[in-house]
Structure formats: C-alpha cells, structure tokens
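S.K.: My questions all concern the structure below.
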Amino acid sequence: NGGLYVKLGQHVAQLDYLVPAPYTRTLAALFECNVASEWDAVASTIADDLGAHPDELFDGFERTPIASASLAQVHRATERGSGRPLAVKVQHAWLRETCAADMVAVSAAVSFAKWLFPDDFTLQWLVDEMRTLLPQELDFEHEAANAAHCRAFFSADGPGADLAAHVVVPEVVQPLTSKRVLTMSFEEGVSVTDRAAIERRGLAVSSVVELLSETFMAMVFRGAFVHADPHPGNVLVRPAPRGASDQPQLV
C-alpha cells in the first residue's frame, strides 16, 4: 500500500531488540526498495512546484530513481551550467491524499490490537508520534532547514568543527527546492550497516563505529539537535578524501 505502511514497516525493521530477526531482515528492504512513482507523476510534481519540466530545470535528469522510500523517491540529475551531480528527492504524488485515511486505518488497527493484548502490545506510542510528525515530514522545506542546521553544525566554524572533515551533510539547492521537491548535492556512499561494502573500500568497521558514535554524541551533547531518523538508507559511509582514504567519512 506504500506511504504510511512503508513508514511503519521501517520502524518495525529497526526494532531488532524487540522483533525476531526474520521479520527485521525482511522489512529492511523497505528502507530503499519500494514501488516507485511513474515518471509522468514525478515530472508533474516538479513542474507544479518549481514551475517548469525537469528537462528545462536540469542539464540531465535520470528517469529511473536510484531509490524509493515511504514518502518520496530520489533521482540523479545534473545541475544546469555547472555540471554538478545532484540528488532530487520527489514526494510521491498520491501521498497527501492518502495519508489522512491511512492514519485513521492504522490507528484503528493499533487500538484493536491494544484492546486484544493490553499487557503485551506497546506500539501505540508509534502511531501517536507519527500523527504529530508526519505533516512535518511531508514538508521538504522543513527538511531542508534541518539539513542546513546540521550542515552548519559540522562546518569548520560550527560546534562539531572537530568532525568537519569526517561528516558531510549534502548541500541543499534552494532555488530547486519546495515543499514536495528537495534538491541536494549528490553524495556517494554505502549503507553504514553494509559491513562487506565497507570492508571492500578498505575501511575498518571499528573506525566506522567509532566515528558514528562520536558524531551522534556530538549532536546530543553539544548541539541538542539530533538526526532522529538514522536508518541504514539515511546514513552512508565512504573513505575520507585528501590522502586519508583509510579513514571513514559519514554522509
């Protein structure tokens, strides 16, 4: 059914301390391998929000998305004039119309499960949280502001300056960003949970774990502003540039 149901599945996939491994392993596919919107719907959303067809806004725009998640899908594109590679996140066209009804259906199902198993079913908090936060997640301008805040935190003169060479937050391209379209610099990387891919790039898993811990502790204790959706599709790792290729860099 997409949308909200994928979001719920993503949450359950991360509950590996509660849910048996066969379930979390299977549901992990929901982090990036979901049914994609058709190209005509993608182009229509971009045209409605940004005022022109993607072929007019970019020097190149790949029709096939590189990933599709619960709320949106991501396409590779090329910035007009500079040739810089971009990642364009486009919200699924049907999402706003279906989310309200889906929220009612999920709430009813969770309430029924809680009534059946009052002592064992403890996921009501998840529905309550999604009811509050989903409208914010559907506003990509809100996400762009969060990305800018996080990017400033890890800049050379920010509170996380000591990690500036090891943490990269994609740069938002504001003229090509709206409530349903988020355009960013394209950043390479592999999932932070893909141990084999990390080792193939010559990185020590222990170094990645240490950097990941330092990064989130910096946000918690120095910034009070924390990346609150660190699932495997949202945190990437790659070798650091400039002669330190045996050291990791987080995206």
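S.K.: For the full complex of protein chains and a 1.4 angstrom probe, list THR78, THR24, THR132 by accessible area with the highest value first. Write out the running numbers ahead of the final one.
M.R.: Details: THR78 50, THR24 15, THR132 90 Å².
Output order, biggest surface exposure first: THR132, THR78, THR24.
S.K.: Roughly how many debye, to the nearest 20, is the charge dipole of segment 20-132 about its Cα centre, given +1 on each Lys and Arg Cβ, -1 on each Asp and Glu Cβ, and no other charges? Numbers along the way, then the final one.
M.R.: Details: 9 positive and 16 negative charges, 54 e Å.
So the dipole magnitude of segment 20-132 works out to roughly 260 debye.
S.K.: Starting from the Cα of LEU15, move 7 Å in the Cα-to-Cβ direction to define the label point; list residues of segment 115-132 whose amide nitrogen is under 16 Å from there.
M.R.: Residues 115-131 qualify, since their backbone N sits under 16 Å from the label point.
S.K.: Kirkwood Rh and Cα-based Rg: tell me the resulting Rg over Rh for segment 193-246, rounded to two decimals.
M.R.: 1.00
S.K.: Once R0 is set to 30 Å, what does the formula 1/(1 + (r/R0)^6) return for the Cβ-Cβ distance between ALA43 and ALA204, expressed as a FRET efficiency to the nearest 0.05?
M.R.: Working: r = 43 Å, r/R0 = 1.45.
It comes to 0.10.
S.K.: Right, another one. Ignoring everything but the protein chains, give the 1.4 Å probe accessible area of THR193 in square angstrom, nearest 10.
M.R.: Approximately 90 Å² for this residue.
S.K.: Continuing with the same structure: On full extension of the chain, what length is gained from ARG96 through PHE121, given 0.36 nm per residue of separation minus the C-alpha to C-alpha distance? Walk me through the numbers before you get to the answer.
M.R.: On the way: separation 25, 0.36 × 25 = 9.00 nm, distance 2.88 nm.
Taking ARG96 through PHE121 to full extension adds about 6.1 nm, to one decimal.
S.K.: Okay, next question. Over the chain, one equal point on each Cα, no solvent: what is log10 I(q)/I(0) by the Debye formula at q = 0.07, 0.11, 0.12, 0.14 Å⁻¹?
M.R.: Rounded to two decimals, the profile gives -0.27, -0.67, -0.80, -1.08.
S.K.: So, one more: Would you mind checking segment 214-251 for residues with the amide N under 12 Å from a putative spin-label position 7 Å along Cα→C-beta of GLU129?
M.R.: Residues 228-231 fall inside that zone.
S.K.: Further question: Would you be so kind as to identify all helices of the chain, as entire DSSP H runs, whose Cα atoms reach 18 Å or more along the helix's own axis and whose mean Kyte-Doolittle hydropathy is at least -0.5? Spell out each step's value before the answer.
M.R.: Values: long enough: 95-116 (31 Å, 0.89); 124-137 (20 Å, -0.55); 140-153 (19 Å, -0.31); 205-218 (20 Å, 1.19).
Qualifying helices, which must be both long enough and hydrophobic enough, are 95-116, 140-153, 205-218.
S.K.: Percent of accessible area on segment 1-152 owned by carbon and sulfur, 1.4 Å probe?
M.R.: Numbers: 4820 of 8330 Å².
Reported share for carbon and sulfur atoms: 58 percent.
S.K.: For SER178, SER206, give the ranking by accessible area with the largest first, probe 1.4 Å. Walk me through the intermediate numbers first.
M.R.: On the way: SER178 10, SER206 85 Å².
So, going from the largest accessible area down, we get SER206, SER178.
S.K.: Mind telling me which of VAL169, VAL19, VAL226 comes out most flexible in a GNM of the chain, alpha-carbon contacts under 10 Å?
M.R.: VAL19
S.K.: Using Cα-only point scatterers and the Debye equation, what is log10 of I(q)/I(0) for segment 1-120 at each q in 0.16 Å⁻¹, rounded to two decimals?
M.R.: -0.85
S.K.: Let me ask you something else. Most fluctuating residue of LEU18, LEU134, LEU86 in a GNM of the chain with Cα springs under 10 Å: which is it?
M.R.: Evaluated over the chain, the most mobile residue of the options is LEU18.
S.K.: Now, a different point. How many Å² of accessible area per residue for the chain, probe 1.4 Å?
M.R.: Numbers: 13360 Å² over 251 residues.
Here the per-residue accessible area is 53 Å².
S.K.: While we're looking at this one, here's another question. So for VAL192, VAL209, what's the accessible-area order with a 1.4 Å probe, most first? Don't skip to the answer; put the middle values down first.
M.R.: On the way: VAL192 30, VAL209 80 Å².
If we order VAL192, VAL209 from most to least accessible, we get VAL209, VAL192.
S.K.: With Cβ to Cβ distances under 14 Å as the rule, what net charge do the other residues near GLU214 carry (K, R +1; D, E -1)?
M.R.: Details: positive: ARG222; negative: ASP162, GLU210.
The answer is -1.
S.K.: Build a GNM of the chain with springs between Cα atoms under 10 Å: which of GLN124, GLN73, GLN136 gets the top mean-square fluctuation?
M.R.: GLN124
The values are calculated or read from the model by the stated rules, or taken from the named source; none is laboratory data. Since this is a predicted model, take the numbers as computed values, not measurements. Here Cβ is always computed from backbone atoms with ideal geometry, including for glycine, and neighbour counts include all displayed protein chains. Quick note on the areas: whole protein, heavy atoms, side chains included, nothing else; ligands and nucleic acids left out. Shrake-Rupley method; radii C 1.70, N 1.55, O 1.52, S 1.80 Å.
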